[in-house]
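What follows is a short report on a single structure.
The values are calculated or read from the model by the stated rules, or taken from the named source; none is laboratory data. Given the structure is predicted, the values throughout are model-derived calculations rather than measurements. Heads up, the Cβs are rebuilt from the backbone with ideal geometry, glycines too, and the neighbour counts pull from every protein chain shown. Just so you know, the surface numbers come from the protein's heavy atoms only, side chains and all, with ligands and any DNA or RNA stripped out. Shrake-Rupley method; radii C 1.70, N 1.55, O 1.52, S 1.80 Å.
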Amino acid sequence: MDLWLREGQIEDAAMTYKIKETLVTKKTKYQELAIVDTYALGRMLVLDGIVQTTVKDEYVYHEMITHIPLFTHPNPQKVLIVGGGDGGTVREVLKHETVEKVVLCEIDEQVVYECKKYLPEISCELNNPKCEVFIGDGIKYVHQHRNEFDVIIVDSTDPFGAAEGLFGGSFYKEIYNCLTEDGIFIAQTETPFYLPEVVKQVYKDAKGIFPITRLFMAGIPTYPSGFWSFTIGSKKYDPKEVDLSSTSNINTKYYTKELHKACFVLPKFVEDLTR
Ligand code: SAM
């Protein structure tokens, strides 16, 4: 049968994927969850009709949201991930030998459960003894922890529903307090092509709190427009200026030391959003 998943990316545009097999669909306490196998991109996690991650292109997002901040910090030992229940960011964080502990704070235990079952390539490190999976609201978790993490990664869904409070100045202030004195924060911050006002606001909010704020881009085929932004807030180290000559070599498919520097060179219309 000819089955297709249609992801409405904005009001007037959508992407479609031909389905090979539907592995699970369920309504959780927080969202509608599906994991499907597609011809073009392999298995994918879909939440509330929005594609979160796919086996074929997940490495771009997970490597860039992880290695840019972890290679900027000279000695990241304790890392917090807010969201990220698929486990891809945990997998990348644990490639860094300095990391002693990574806490994954995911609100929806069903995401973790189903990804462990159906997306083993992505969730493979969730049972690593260095990883603590905490099921709960990231907003509350960050509020309850002070001066604790060297790096905080906000690997969230889009700014609606449970993730709405993970964007904006008041949350970034809490993140600032949850970081150690030389800590770094990073968040996925949507597409400047379709949502320039979100990118602009997030950057402005982060800039109001962190001494160093940077925005970078990566090409992610399954995210709307394929052109995705990440925003960094740092207390001390500048990800753009960091000396990478002696950082360790890890196995990656997208991230390189050259790309670490190059990704901060922005197209004019994106650069304008940071002014
Ligand atoms: N890479 C993805 C993207 O940008 O599409 C994000 C992937 S990850 C699956 C996002 C996770 O954030 C979801 O599993 C969702 O349940 C979780 N999440 C949303 N709001 C949250 C909150 N307030 N606290 C913790 N996790 C949250």
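Take E148 and tell me if it is touching a residue at least 12 places away in the same chain (Cβ under 8 Å), surrounded by fewer than 20 Cβ atoms within 10 Å (Cβ to Cβ), more than 13 Å from the ligand (Cβ to nearest atom) and not assigned by TED's automatic domain parsing to the domain that holds T25. If you could, list the steps in order and put the result at the bottom.
Values: touching a residue at least 12 places away in the same chain (Cβ under 8 Å): yes; surrounded by fewer than 20 Cβ atoms within 10 Å (Cβ to Cβ): yes; more than 13 Å from the ligand (Cβ to nearest atom): yes; not assigned by TED's automatic domain parsing to the domain that holds T25: yes.
So E148 passes the test.
Per-residue answers, yes or no, for (1) within 20 Å of F230 (Cβ to Cβ); (2) touching a residue at least 24 places away in the same chain (Cβ under 8 Å); (3) in contact with a Ser or Thr (Cβ under 6 Å, 6 or more places away or on another chain); (4) surrounded by fewer than 24 Cβ atoms within 10 Å (Cβ to Cβ):
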{"position": "Y39", "(1), (2), (3), (4)": "no, no, no, yes"}
{"position": "R43", "(1), (2), (3), (4)": "no, yes, no, yes"}
{"position": "H62", "(1), (2), (3), (4)": "yes, yes, yes, no"}
{"position": "H67", "(1), (2), (3), (4)": "yes, yes, no, yes"}
{"position": "G87", "(1), (2), (3), (4)": "yes, yes, yes, no"}
{"position": "E114", "(1), (2), (3), (4)": "no, yes, no, yes"}
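Residue-by-condition table, conditions (1) charged (D, E, K, R); (2) open to solvent by less than 10 Å² (accessible area, probe 1.4 Å); (3) in a loop (DSSP other than H, G, I, E, B):
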position	(1), (2), (3)
I186	no, yes, no
Q201	no, no, no
K204	yes, no, no
L215	no, yes, no
G233	no, yes, no
L259	no, no, no
V270	no, yes, no
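Being open to solvent by 20 Å² or more (accessible area, probe 1.4 Å) and closer than 13 Å to C115 by Cβ narrows it down to one of L23, L47, so name that one.
Working: L47 fails: open to solvent by 20 Å² or more (accessible area, probe 1.4 Å).
Exactly one residue qualifies, and that residue is L23.
Is it true that some residue in segment 121-143 is small (G, A, S) and touching a residue at least 40 places away in the same chain (Cβ under 8 Å)? Spell out how you get there, then give the answer.
Step one: list which residues in segment 121-143 are small (G, A, S), which gives 123, 136, 138.
Those left that are additionally touching a residue at least 40 places away in the same chain (Cβ under 8 Å): 138.
Yes, some residue in segment 121-143 is small (G, A, S) and touching a residue at least 40 places away in the same chain (Cβ under 8 Å).
Might you let me know whether segment 46-57 holds any residue that is over 30 Å from E258 (Cβ atoms), hydroxyl-bearing (S, T, Y) and either within 10 Å of the ligand (Cβ to nearest atom) or more than 12 Å from the chain's Cα centre (by Cα) (or both)? Can you show your working first?
Taking segment 46-57 first, the residues over 30 Å from E258 (Cβ atoms) are 46-50.
Then drop every residue that is not hydroxyl-bearing (S, T, Y), which leaves none.
Within segment 46-57 (the criterion being over 30 Å from E258 (Cβ atoms), hydroxyl-bearing (S, T, Y) and either within 10 Å of the ligand (Cβ to nearest atom) or more than 12 Å from the chain's Cα centre (by Cα) (or both)), the answer is no, since none of the residues qualifies.
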